[in-house]
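Every number here is computed from the coordinates shown, using simple stated rules; none is lab data. Everything numeric here is computed off the predicted structure, so don't read it as measured data. Using ideal geometry, Cβ is built from the backbone for each residue, glycine included, and neighbour counts are taken over all protein chains shown.
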Amino acid sequence: MSVNLLIMAAGLGSRFGGDKQLVDVGPNGESFFDYAIRDLQAAGGGKVVLIVRSSIEEQVLDHIGRVHGELHVETVCQDQHGPSRPKPWGTAHAVLTASAAVDGPFVVVNADDYYGATSYQQIVSFLDNSSDKEAAIVGFELARTLPKFGSVSRGVCHTNDSGQLTGIIETHDIARNDDGLIVSQDPEGEYDDETLVSMNMWGLPKSVFAHLEEKFETFLAAHGTEEKSEFLLPTAISELMESGDLSVEVLSSKENWIGVTNPDDLDVARAVLRARDE
């Protein structure tokens, strides 16, 4: 069965100031997720599922029609699953809402990030030969994810001698100093350019949905009345690793990750992607 692509596009874009899922970044009006669709298909993947909000579903489908023609893309509205509240329930909940639409192993990506063609080739190849207890995460070299100016937060991947993920440490205020060293402030640390970080690109077996459903019920029992608590995919996967239900291999990508968090990031992303397509 071919590998599915699951694109998380239901975010509110609070820091960006709007729906950055649909912002054009490519030379022909492409959004970030258009590159994801093309790269997944070029790598031999199959079905595409977009997780959206009800308020933007029609816009997303219109956009898909303009850019991809007759390509069938299934949409799932995250806000129509689970208890209602203004803030989405988080990335693990987003993935869970697509359980009925996914028909095999799947790649999970953010709708507002560019991961590169070879990243998709690596993860599709892994999933084509994996079991229902095996998963993967694509790790990107830290230096390839840093902006020219300012600091960022990244999830630093830790592995064992076999290349299996043992944990992801959320690390804040990462920047390159004037002396060329990459350092962080919280926790304090110094990093090589090649340090692998997570940009939320996962390869998962279909069997993970049953685990996520159980964990979401537990999450709601503990946090269901809270306005901002989130059921997060890295946390859920970490728990599955600890229980022995899932092993996660770290795949090292040489791609330059591109994303936008703030409006100021947009011009940089457009310049890089348009130069790539020339």
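Mind checking the full-extension length gain between Asn28 and Asp267? Use 0.36 nm per residue of separation minus the Cα-Cα distance, one decimal, nm.
Numbers: separation 239, 0.36 × 239 = 86.04 nm, distance 1.51 nm.
Gain on extension, Asn28 to Asp267, equals 84.5 nm.
Arranged from fewest to most other beta-carbon atoms within 10 Å of their beta carbon, Lys254, Lys47, Lys228 become Lys228, Lys254, Lys47.
Do the sum for the chain: with -39,500 (n - 2.57) for every DSSP H run of n ≥ 4, divided by all residues, what is the mean residue ellipticity at 222 nm, to the nearest 500 deg cm²/dmol? Roughly -9000 deg cm²/dmol at 222 nm, from the helical runs in the chain.
Rounded to the nearest 0.05, what FRET efficiency do Phe149 and Asp186 give with R0 = 22 Å and r taken as the Cβ-Cβ distance? Could you check? Once rounded, the FRET efficiency stands at 0.70. Annotation: amide H-H contacts under 5 Å for Val3 (H modelled 1.01 Å from N, sequence separation of 5 or more, or interchain): Gly46. Once a ≥ b ≥ c are taken as the square roots of the eigenvalues of the Cα gyration tensor of region 4-277, is the result rounded (a/c under 1.5), prolate (a/b larger than b/c) or oblate (a/b not larger than b/c)? Note, shape of region 4-277 comes out rounded. Which parts of region 93-109 would a label at His72 reach, counting a residue when its backbone N lies under 15 Å from a point 7 Å out along Cα-to-Cβ? Only 101-104 fall inside the zone, counting backbone N under 15 Å.
The Cα atoms of region 102-238 cover 49, 41, 31 Å along the three principal axes, with the biggest extent listed first.
Under 1.5 on a/c is rounded, so check that first for region 172-278, then, if it is not, pick prolate when a/b is larger than b/c and oblate when it is not; a ≥ b ≥ c are the square roots of the alpha carbon gyration tensor eigenvalues. Verdict is prolate for region 172-278. Between Thr218 and Ala175, the modelled labels are 3.9 nm apart [label points 7 Å from Cα along Cα→Cβ]. Distance between the 7 Å Cα→Cβ label points at Gln59 and Asp245: 3.6 nm. Annotation for region 168-246: GluC sites (Glu not before Pro) lying in DSSP loop with at most 13 further Cβ atoms inside 10 Å of their Cβ are Glu194, Glu226, Glu227.
Run through region 11-104 and list the GluC sites (Glu not before Pro) located in a DSSP loop whose Cβ has at most 11 other Cβ atoms within 10 Å. Numbers along the way, then the final one.
Numbers: sites: Glu30, Glu57, Glu58, Glu70, Glu74; in loops: Glu30, Glu70.
Qualifying residues, ordered by number: Glu70.
Rounded to the nearest whole Hz, the Karplus-based 3J(HN,Hα) values (6.51 cos²θ - 1.76 cosθ + 1.60, θ = phi - 60°) of region 270-276 follow the sequence 4, 4, 5, 6, 6, 5, 5, with x at glycine and proline. Take the Cα of Thr225, go 7 Å toward its beta carbon, and none of the backbone nitrogen atoms of region 74-107 fall under 15 Å from that spot. Rg and Dmax, both from the Cα atoms of region 1-138 and both in Å, are 14.5, 41.
Note the full-extension length gain between Ala275 and Asn256 as 0.36 nm times their separation in residues minus their Cα-Cα distance, in nm to one decimal.
5.5 nm
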